[in-house]
Number of protein chains: 2
Amino acid sequence: MKIGIIGGGGVGQTLGSGLIALGHQVTLGIRAPSAEELAKPRAQGKPLAEWVAATGGTVATMAEAAAGSDLVINATHGEASIAALSLAGPDTLAGKVLIDVANPLDFSKGFPPALSAEYSGHTSLAEQIQAAFPAARVVKAFNTIGAAIMTNPGLVKGEHDLFISGNDAAAKAVVTDLAHALGWKNVPDLGDLKGARAQETIVLVWLQLIGTTGGTLHNLHVARG
Amino acid sequence: MKIGIIGGGGVGQTLGSGLIALGHQVTLGIRAPSAEELAKPRAQGKPLAEWVAATGGTVATMAEAAAGSDLVINATHGEASIAALSLAGPDTLAGKVLIDVANPLDFSKGFPPALSAEYSGHTSLAEQIQAAFPAARVVKAFNTIGAAIMTNPGLVKGEHDLFISGNDAAAKAVVTDLAHALGWKNVPDLGDLKGARAQETIVLVWLQLIGTTGGTLHNLHVARG
């Protein structure tokens, strides 16, 4: 599958590497893919030129990454996601599965962050992305854990889960298959995209456990009666 | 131990029954404990007179329940908690462990509820209770699951967890011991009372799983690397 990932940070790079390892063609979309930009050190992840050399993936503009792909992944900062996806091009998103990995985290008061008031409560980032791009087939997934775990669930021991939600059952099936291919055994479905309200809060639990344990290798599992 | 539970609804009754079964003396505190009020059908739980007959517990005013107890549990609706605890009496809460079981749920737009804007984001209900009653030793616990599971964790199979947080380590140890006595094996500590921000979001996941599975017997477990 041709996959366009919007965002060239640590999450985009790690997801991209994992998907390339499964045989997919991955393009990372960034605002200005100049040679200078590709060589630049980045706060998270490696310089993109190194990522290209290591993985065989490509880097392009957000619009190119979205236009040339069968499936699009939003791996931008949550508060910047709708602007970034608008650059990617609303028309090119129409009909495509769009996996929303982003979290609308507000670090303005330090750690722990809160969910941005604009995107939480009786709404969620994923629902607002769906509303902004109604022809895209938005599936919320992979947002509840750190990037390393997304593509390597074996880093956490025992049973643990990748939560998904979305309005389009066929799109959720595509994402569930992708998750299984990445090694995820449990992919609980939180229903339609309102489920993203719960999913976007789960990252607060993941972050709080970093604050109390110092480690990042943990995830939640739904135990049942 | 003498335990005063503020709130006579399903959560207060179920927690009360479970704690009485462990040998504790439990008083449920309600606004107006008249004979008429005790006989009244309740939306959740049984008429309080039946609860008294079945358990040997007692029902009193909120102030009496708090004053006569070694440990106090807030089992009121989250949006009414600070007013109820004020009726219970700020002076009587001083120095006591106060377990906050409540969630500030806003059902104004139906299901799924959101967290009340007043008590979420860069704050939490538990932190606001601590600020309102600074001499109480507030521990957030038991709020992430339904009442039946609180006192009978065996209803959910496999490993699953009771999250706690609080600013007072000795108070958290008291609550952890109580949880172990109720059958909880895993009691992960989410740190100081800011951890309640994560805990109060967890109930949204629990509720969303009800919406998608139809059942209430589920809970989360933290898997680690």
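Rule-based calculations on the coordinates, nothing more; no lab input. Being a predicted model, the structure only gives us computed values, none of them experimental. Methodologically, a virtual Cβ is constructed for each residue, glycine included, from the backbone with ideal geometry; neighbour enumeration extends over all protein chains shown.
Please report, for B:THR212, the nm distances (one decimal) from its label point, 7 Å out from Cα along the beta-carbon direction, to the equivalent points in the remaining copies, shortest first.
2.3
Suppose every K and R has +1 on its Cβ and every D and E has -1 on its Cβ; what is the size of the dipole of the protein assembly as shown about the Cα centre, in Debye to the nearest 20?
Dipole size: approximately 540 debye.
When the dipole is taken about the Cα centre of the range A:2-213, and only Lys, Arg (+1) and Asp, Glu (-1) are charged at their Cβ, what size is it in debye, to the nearest 20?
So the dipole magnitude of the range A:2-213 works out to roughly 280 debye.
With 10 angstrom as the radius, rank B:HIS221, A:HIS180 by how many other C-beta atoms surround their C-beta, starting from the fewest. Before the final figure, lay out the partial values.
Numbers: B:HIS221 21, A:HIS180 13.
Sorted ascending by nearby Cβ count, the order is A:HIS180, B:HIS221.
Taking only the C-alpha atoms, wrap a convex hull around the range B:2-213 and report its volume per residue in Å³ as a whole number.
On the way: hull volume 24.6 nm³, N = 212.
Dividing the Cα hull volume of the range B:2-213 by its residues yields 116 Å³.
At B:ASP177 and B:SER86, where each label point lies 7 Å from the Cα along Cα→Cβ, what is the point-to-point distance in nanometres?
Label at B:ASP177, label at B:SER86, 3.4 nm between them.
Using the Cα centre of chain A as origin and beta-carbon charges of +1 (Lys, Arg) and -1 (Asp, Glu), tell me which of A:GLY45, A:ALA65, A:ALA135 is placed farthest towards the positive end of the dipole.
Final value for the positive-end residue is A:GLY45.
From the label point of A:ALA135, set 7 Å along Cα to the beta carbon, how far off in nm is each other copy's matching point, shortest first?
6.7
Using a 7 Å offset from the Cα along the Cα-to-Cβ direction at both B:LYS46 and A:ALA43, what is the distance between the two label points in nm, to one decimal?
5.7
Between A:PHE111 and B:ALA60, what is the FRET efficiency for a Förster distance of 35 Å, r being their Cβ-Cβ separation, to the nearest 0.05? Walk me through the intermediate numbers first.
Details: r = 42 Å, r/R0 = 1.21.
It comes out at approximately 0.25.
Which percent, to the nearest 5, of DSSP beta bridges fully inside the range B:100-222 are antiparallel? Don't skip to the answer; put the middle values down first.
Values: 5 of 8 bridges.
Around 60 percent of the beta bridges assigned by DSSP in the range B:100-222 are antiparallel ones.
Highest GNM mean-square fluctuation, chain A, Cα pairs closer than 10 Å: which of A:THR55, A:THR144, A:THR213?
A:THR213
Using only the alpha carbons, work out the radius of gyration and Dmax of the range B:1-122 in angstrom.
Reported Rg and Dmax, both Å: 14.4, 44.
Taking 26 Å as the cut-off for C-alpha to C-alpha distance, list the pairs among A:LYS96/A:LYS194; A:LYS185/B:LYS194; A:LYS2/A:LYS172; A:LYS46/B:LYS194; B:LYS2/B:LYS140; B:LYS2/B:LYS172 that go past it.
Numbers: A:LYS96/A:LYS194 20 Å; A:LYS185/B:LYS194 32 Å; A:LYS2/A:LYS172 17 Å; A:LYS46/B:LYS194 33 Å; B:LYS2/B:LYS140 19 Å; B:LYS2/B:LYS172 17 Å.
Cα-Cα > 26 Å for A:LYS185/B:LYS194; A:LYS46/B:LYS194; rest within.
Along Cα→Cβ at 7 Å, what distances in nm separate the A:LYS2 label point from those on the other copies, shortest first?
Taking the point 7 Å beyond Cα along Cα→Cβ, the inter-copy spacings are 7.6 nm.
Counting other beta carbons within 10 Å of each Cβ, put B:MET62, A:MET1 in order, fewest first.
On the way: B:MET62 28, A:MET1 14.
Ranking B:MET62, A:MET1 by Cβ neighbours within 10 Å, fewest first, gives A:MET1, B:MET62.
Counting other beta carbons within 10 Å of each Cβ, put A:LYS172, B:LYS140 in order, fewest first. Spell out each step's value before the answer.
Values: A:LYS172 22, B:LYS140 32.
The fewest-first ordering by Cβ neighbours comes to A:LYS172, B:LYS140.
Could you grab the relative contact order for the range B:71-225? Cα pairs under 8 Å, six or more apart, rounded to a whole percent.
23
Closest beta-carbon to the A-to-B rotation axis: which chain A residue owns it, and what is the separation in whole Å?
So the chain A residue sitting closest to the axis is A:THR201, 2.
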